[in-house]
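One structure is given here, and the rest of the page talks about it.
Please treat every number below as a calculation from the coordinates, not as lab data. Here the structure is a predicted model, which means the values were calculated and not measured. Backbone-built Cβ (ideal geometry, glycine too); neighbour counts: all protein chains shown.
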Amino acid sequence: MKRLADGELLGYCLKKPGAWQDEPWDGDVVAKVGPKIFAFLGGGSVGLKCGANREEADELVNAYPDDVGTMAYIGRSGWNTVRLGGAVPDDEILELVDASYETVVAKLPKRQRPPAGN
């Protein structure tokens with residue numbers, strides 16, 4: 001069975017309205033909407049906002065303890081690292097990307113939000 005690769009996931013992220021690729025740190029690719037990151041990509045994993053707080057994000061960690069972990073530095077705010085090609089199904093990873101994007105967009109000031117339906 002074919003699984004998501006880093007490049008495919010980046011392509012999926014960049015199809016979101018207003019999404020763009022950035023490399024804020026040398027060698028670290030992220031997907032942003034407006035000025036905010038919604039996905040950290042690379043190394044066979046993706047970092048995503050998986051809950052409003054650590055408790056919500058821990059539900060995913062508890063469901064997939066071998067393939068989902070708390071992100072360094074920002075994990076306390078509900079960010080997890082999800083390993084590609086592991087136990088988390090690809091369709092669930094795409095749903096997590098969608099949710100991370102929507103959460104970040106909802107927190108942007110209205111003037112920085114992309115037009116709906118692009």
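Stretching Asp98 away from Asp6 to a fully extended chain increases their span by 31.5 nm, per 0.36 nm per residue minus the current alpha-carbon distance. Sorted fewest first by neighbouring Cβ atoms within 10 angstrom, Trp25, Trp20 come out as Trp25, Trp20. Look at the alpha carbon pairs under 8 Å that are at least 6 residues apart: their mean separation over the length of the chain gives a relative contact order of 26 percent. Modelled spin labels at Tyr73 and Asp28, positioned 7 Å past Cα toward Cβ, are 0.3 nm from each other. Here the peptides 37-46, 91-100, 54-63 are ranked by packing, the mean other Cβ count within 10 Å, and the order with the highest first is 37-46, 91-100, 54-63. Annotation: the chain has a Kirkwood hydrodynamic radius of 14.3 angstrom, from the mean reciprocal C-alpha pair distance.
Ranked by the mean number of other Cβ atoms within 10 Å of their residues, highest first, the peptides 80-86, 64-70 fall in the order 80-86, 64-70.
Student exercise: in segment 1-51, how many lysine pairs 8 or more apart or on different chains have Cα atoms under 17 Å apart? Going through segment 1-51 pair by pair, I get 7. Counted residue by residue at 0.36 nm each, then reduced by the alpha carbon distance between them, the extension gain from Gln112 to Gln21 reaches 31.1 nm.
The ranking of Lys15, Lys110 from fewest to most other beta carbons within 10 Å of each one's beta carbon is Lys110, Lys15. By the combined test of axial Cα extent (at least 18 Å) and Kyte-Doolittle hydropathy (mean at least 0.0), the qualifying DSSP H helices of the chain come to 90-107.
Given R₀ = 22 Å, what would the calculated FRET efficiency be for Ala63 paired with Asp91, taking r from the Cβ atoms and rounding to 0.05? That pair, Ala63 with Asp91, gives E of 0.90. For segment 1-63, the relative contact order comes to 21 percent (Cα pairs under 8 Å, sequence separation of at least 6).
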